[in-house]
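The values are calculated or read from the model by the stated rules, or taken from the named source; none is laboratory data. Bear in mind the structure is a predicted one, so any value in this text is a computation, not a measurement. When we count neighbours, we look across all protein chains shown, and the Cβ atoms used for this are built from the backbone with ideal geometry, even at glycine. Surface areas here come from the heavy atoms of the whole protein model, side chains and all, with no ligands, DNA or RNA. Shrake-Rupley method; radii C 1.70, N 1.55, O 1.52, S 1.80 Å.
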Amino acid sequence: MSTAPDRTYDVAILGSGLGGSMLGAVLARHGAQVLLLDAESHPRFAHGEVPTPRSMVALRSVAERYGVPELKTITSFENCTRILGPQFGIQRHWGFLRHREGERQDPREVTQSVTPALMHTAAHLYRQEIDSHVYHTAIRYGCTPRQGFRVTEIALAGDGVTVAGQDGSEYRARYLVDASGRRSPLVDKLGLRDGPSPLKHRSRMTSSHLIGVRPTDGVLAPRGPRDLPPVPWHQGSVHHLFDGGWVWVTPFDNTPRSRNPLCSVGLVLDPDKHPGMPGQRAADEVAAFGERFPDIGRQLADAAPFREWEVVDEVPYASSQLVGDRWCLLGESAGFVDPLFSRSLSDTTEAVSALARRLIRAVTDDDFSAERFAYVERLQRGFLAFDDDLVRSAYASFDDYDLWNAVFRIWAWGSGGGSFRLQAALTRFLADGRDEHFTALEDVPHPGFCWPDHDGFKGLFDEMVARCAAHRAGELSGRDAARDLAARLEAADFVPKHLGFAERDERFLNPTPKKIIRSLRWARTGADPQVRQLLVGNVQHAVGSRLRGRRIF
């Protein structure tokens, strides 16, 4: 590097996507001098369009904890549409439909998890608008932006980091965060993905934005009123499951309040079961799966890609080290498993929250030692391990509806319990402003796990992983694995009754007021103490917020 930079920033961030810009906004809001570098420019395409209740409460927690209210814009459909414009679809449920090759979809082999009416209705996140909003927020708080900056060299030293660009410019900072994702320059420099991947899951992916995708409800063949879901399929994100893969359909045009004609569509496959044909075009492979699974074919028959199909031959990856002297990998720079269950947004947001607190203090007392950020590494490694086990188990269950049904319920309640736990901390913080409510969340036996302080649920999840692995290996039938897991769900005092999580024949998890009341009565006498506290406390808060004209999440 030829010339010495004339200014030293506190933190340089590579990547101005959602995670990098969110961290930059938080740090700048608290007085840090932040440099935000990116090889591309906004607006731009990005994956991660389907929010979860956990990602919404995680985003609101960061907004409230660090005083960045602009982040709350993206936590509801109402806010996205009112503030950013009519570009967003509505997310009222998570829907899963299992398909058999050559047959119409069987309406008895479906599951749907409905977002409770007490919560905000989430949006399908049109990421080019969302990411631009957070990027501009970071700049307004004082981040120095530099788009179109391609990193050619990174020099790490004991007193800081120097980053050089293709144009010959150089920047110096006291600390470096790489949030640039799969193509991380820091990962390349340090060779952090050169060895074998620690992840067990494997998948490949083809995705695009399409115009002309038919609503899911219009291509199915329900047999009667009992087959109709409580929320139309078109009003949420639909996952078409089949042995060895799945297709997502996430519409941005599923509400009269949207003017966006696009629909996000992706095909994700287990390469062991669907290796693909050499030289086959992405569009042809998607069409071929439409021929094999008739209702998927009907849904996509009149659709045309708005942008080129993006092909990723190896979806999962993980870096061997996430934190070092004067540097940290954040979000998808650390690793990624699979888009199933949309875990990346919540994982990244929670990592931002943990990293931001440590960086704010490090800037103040000039202590950037790697040990100070060790928890951030443990947390993100925990996310990757959990995501790997969850997704691999789900793929193993796709060939047997009963087993998928059990996996679905374990995922749904684990996500719910973890979200309730985070919401409880946020509620206490809003009452007294004490940050210890958030720092207490870190004192757990299983960092990164969906419900990191509940050993009972961890045991149930581990049993699910083991039984799905045995089924994948041909050592256990799907029926037997499903029967054992269903029995555990029904017997566990940490799995709510009357809401559908423990009731194997309930295809639709729809927490109506009547069901919630019945579940609360059960919780007061039959629930594990932690579950009782989470259920009762969060429902009381939700009802109170609704009466005051607000919603949670």
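The table below lists the values:
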{"quantity": "Modelled label reach - Arg226, point 7 Å along Cα→Cβ, the stretch 89-119 residues with backbone N closer than 18 Å", "calculated": "106-112"}
{"quantity": "Nitroxide proxy distance, nm - points 7 Å out along Cα→Cβ at Arg108 and Ser169", "calculated": "6.4"}
{"quantity": "Inverse mean reciprocal Cα-Cα distance (Kirkwood Rh) of the stretch 353-497, Å", "calculated": "17.0"}
{"quantity": "Ratio of the Cα radius of gyration of the chain to 2.2 N^0.38 Å, where N counts its residues", "calculated": "0.95"}
{"quantity": "Values of log10 I(q)/I(0), in the order q = 0.21, 0.25, 0.29 Å⁻¹, for the stretch 82-142 under a Debye, Cα-only, solvent-free model", "calculated": "-0.91, -1.02, -1.13"}
{"quantity": "The stretch 1-57: C-alpha pair distances exceeding 12 Å, %", "calculated": "73"}
{"quantity": "q = 0.15 Å⁻¹, the stretch 86-239: log10 I(q)/I(0) [Debye, one scatterer per Cα]", "calculated": "-1.02"}
{"quantity": "Spherically averaged projected area of the stretch 289-397 from its Cα convex hull (nm²)", "calculated": "9.5"}
{"quantity": "Folded to 0 to 90 degrees: helix 478-491 orientation relative to the chain principal axis, Cα", "calculated": "80"}
{"quantity": "Sparse-neighbourhood loop sites, GluC sites (Glu not before Pro) in the stretch 246-326 - DSSP loop, at most 11 other Cβ within 10 angstrom", "calculated": "Glu308"}
{"quantity": "16 Å cut-off, amide nitrogen to a point 7 angstrom out along Asp443 Cα→Cβ, residues in the stretch 350-377", "calculated": "none"}
{"quantity": "Cross-link reach list, lysines versus Lys497, counting only Cα pairs under 23 Å and skipping chain neighbours closer than eight places", "calculated": "Lys458, Lys514, Lys515"}
{"quantity": "Ranked by how many other beta carbons lie within 10 Å on average, peptides 533-541, 431-439 from highest", "calculated": "533-541, 431-439"}
{"quantity": "Per-residue HN-Hα couplings for the stretch 181-188 [Karplus 6.51, -1.76, 1.60; θ = phi - 60°; Hz; x = Gly/Pro]", "calculated": "x, 3, 9, 4, x, 5, 4, 4"}
{"quantity": "Solvent-accessible area per residue, Å², over the chain with all protein chains present [probe radius 1.4 Å]", "calculated": "39"}
{"quantity": "Extension gain from Asp435 to Asp284, taking 0.36 nm per residue of separation minus the Cα-Cα distance", "calculated": "49.1 nm"}
{"quantity": "At most 14 other Cβ within 10 Å, DSSP loop - GluC sites (Glu not before Pro), the stretch 112-191", "calculated": "none"}
{"quantity": "Sparsely packed trypsin sites (Lys or Arg not before Pro) within the stretch 288-323, loop by DSSP, other Cβ within 10 Å at most 16", "calculated": "Arg307"}
{"quantity": "For the stretch 1-96, convex hull of alpha carbons as volume per residue, Å³", "calculated": "139"}
{"quantity": "Point-charge dipole on Cβ atoms (K/R +1, D/E -1) for the stretch 113-191, about Cα centre, debye to 20", "calculated": "100"}
{"quantity": "Accessible-area ranking of Thr216, Thr525, largest first, probe 1.4 Å", "calculated": "Thr525, Thr216"}
{"quantity": "Rounded to the nearest 20 debye, dipole of the chain from Cβ charges on Lys, Arg, Asp, Glu", "calculated": "2020"}
{"quantity": "Two-decimal ratio, the stretch 41-160, of alpha-carbon radius of gyration to 2.2 N^0.38 Å", "calculated": "1.42"}
{"quantity": "The stretch 333-411: proportion of alpha-carbon pairs further apart than 20 angstrom, %", "calculated": "46"}
{"quantity": "Sequence-distant lysines (8 or more away, or on other chains) whose Cα lies within less than 25 Å of Lys273", "calculated": "Lys200"}
{"quantity": "Compactness of the stretch 57-109 as Cα Rg over 2.2 N^0.38 Å, two decimals", "calculated": "1.79"}
{"quantity": "With every protein chain in place, the chain: carbon and sulfur % of accessible area (1.4 Å)", "calculated": "49"}
